[in-house]
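What follows is a short report on a single structure.
The values are calculated or read from the model by the stated rules, or taken from the named source; none is laboratory data. Keep in mind that this is a model prediction, so the values were computed, not measured. Backbone-built Cβ (ideal geometry, glycine too); neighbour counts: all protein chains shown. Areas reflect the complete protein model, heavy atoms only, side chains present, ligands, DNA and RNA absent. Shrake-Rupley method; radii C 1.70, N 1.55, O 1.52, S 1.80 Å.
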Amino acid sequence: MKKNILVIGASGSLGFEICRSLHKVFDEKVTVLVGDYRKERGPKTVERLEKLEIAAKFIYTDFSEYKSLDDAINQPLDCVIVAVKQNKPVLQELCSIYSIPCIDLTAYGSFTNFVENVLPNNGAPSIMMAGFFPGLSGVLVHSAVSDFSEIQQVKVNLVQNKNAQVGLSGIEDMLKIIHQPVGDAAHGFREVETINIKQRTFKIRKIAHDEGAVLDEKLGIGLPTYQTGWNQNGFNHLVSFLLEYGLAEPLLKIAKKLKLKFNARHNDERVYLEVEASGIKFQEQTTEKIQIEATSDYGITADFCALVAKKILNNRAIKGVKYPFQFMGLEVLDQLAQLGQLKKIIPA
């Protein structure tokens, strides 16, 4: 039976990728409902999708008009995917009322905590942090630590690509994340560490990430260390300079005002994710590593999100507020590889 999946933010760079991924993951047996507050833009997104032979329909959704959201949710839907930022979990609450599964890609713990506090434990599934980083990163952490009797340290390392296809909102979110205080430091992205992946050396920097607190709370593994950086060290220095002197936010405001775009496609948008767990395993001191290479950040985020949707629609036992690591394992890497986004799984 064909699924009806509403994607809020489908006209954005990431939202559009999610629509394409849903078409792949559900073997074309899906109608994508394009949720957009711009009545002139939504239908154009539908046209773009239809040119790719993806069944689509426009639905007006405006966070400033509650009725538009209620009308959008109160119809035959199998799932709602939220690819935009919300200040309050309005969509989660509506999906709970109408018993519709909801998936959100938010990276912020304050929002996920809010959702956990307001939604029932046994209601329709409401999946949080369902992207690549956070999301798949949490699945890798859970898998890496599963056989340890004592966990001493967990590291989550992300190497981003300077050529990544992202919109201004994606840039803003990442800068906000890496700018959060780390320990006594005024902001993150200061402490540098060198890692090696695929015989390449990358310099990454320590950051604070809200997924770490969720993993610690749910798995009891201690607070993981999160580190990130881009594949060009000169770009890392530039980002660090902008953060140090408070220039990142004003430059973003100018870019928004000028409506600059940063989503041109490049031939090489590869990203790398490494999870390293150290501790006692089978009574021996052990370090486990999982390293993956993906063809692009938004591409693997979209494919993973679509696989999460398929998983919860095929498993009605998943209920309440959940995170992907609570019901997905390393089998998802094979699925991502089949979809073409996971270019290589690199054994430690």
- Query: What would the Debye formula give as log10 I(q)/I(0) at q = 0.14, 0.29 Å⁻¹ for the alpha-carbon point model of the range 1-67, no solvent?
  - Reply: -0.35, -1.31
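In the range 1-101, which chymotrypsin sites (Phe, Trp or Tyr not before Pro) fall in coil by DSSP and have 16 or fewer other Cβ atoms within 10 Å? Mind showing how you got there, number by number?
Details: sites: PHE16, PHE26, TYR37, PHE58, TYR60, PHE63, TYR66, TYR98; in loops: PHE26, TYR37, PHE63, TYR98.
Of the chymotrypsin sites (Phe, Trp or Tyr not before Pro), the ones in loops of the range 1-101 whose Cβ has at most 16 other Cβ atoms within 10 Å are PHE63, TYR98.
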- Message: If I model a spin label at ASN87 and GLU249 as a point 7 Å from the Cα along the Cα→Cβ vector, what separation in nanometres do I get?
- Response: 1.6 nm
- Could you work out how far the C-alpha centroid of the range 73-107 sits from that of the range 282-348, in angstrom? 22 Å
- For the range 110-184, what size does the Cα cloud have along each of its three principal axes, sorted from largest down, in whole Å? 40, 34, 30
- Query: Could you work out Rg/(2.2 N^0.38 Å) for the range 180-251, with Rg from alpha carbons only?
  - Reply: 1.24
- Note on the structure: So the pair-distance distribution of the range 289-340, from every Cα-Cα distance in 10 Å bins, comes to percents of 20, 56, 22, 2
- Item | With every protein chain in place, the chain: carbon and sulfur % of accessible area (1.4 Å) | 49 percent
- Message: Quick one: the Cα spread of the chain along its three principal axes, in angstroms, biggest first?
- Response: 54, 48, 37
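DSSP H helices in the chain with Cα extent of 24 Å or more along the helix axis and mean Kyte-Doolittle hydropathy at least 0.5? Each step should come with its number before you reach the end.
On the way: long enough: 297-314 (26 Å, 0.60).
Qualifying helices: 297-314.
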- Message: If I model a spin label as a point 7 Å beyond the Cα along the Cα-Cβ vector, how far apart are those points for LEU223 and GLU193 in nm?
- Response: 1.5 nm
- Nearest-0.05 FRET efficiency for ASN314 and ASN74 at R0 = 25 Å, using Cβ-Cβ distance, is 0.55
- Taking the chain and a Cβ-Cβ threshold of 4.7 Å, the cysteines left without a partner are CYS19, CYS79, CYS305
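With the alpha-carbon atoms as the only input, what is the per residue convex hull volume for the range 47-179 in Å³? Walk me through the intermediate numbers first.
Working: hull volume 24.2 nm³, N = 133.
Convex hull of Cα atoms, per residue: 182 Å³.
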- TYR66 paired with GLN153, simple spin-label distance in nm, labels 7 Å along Cα-to-beta-carbon: 5.0 nm
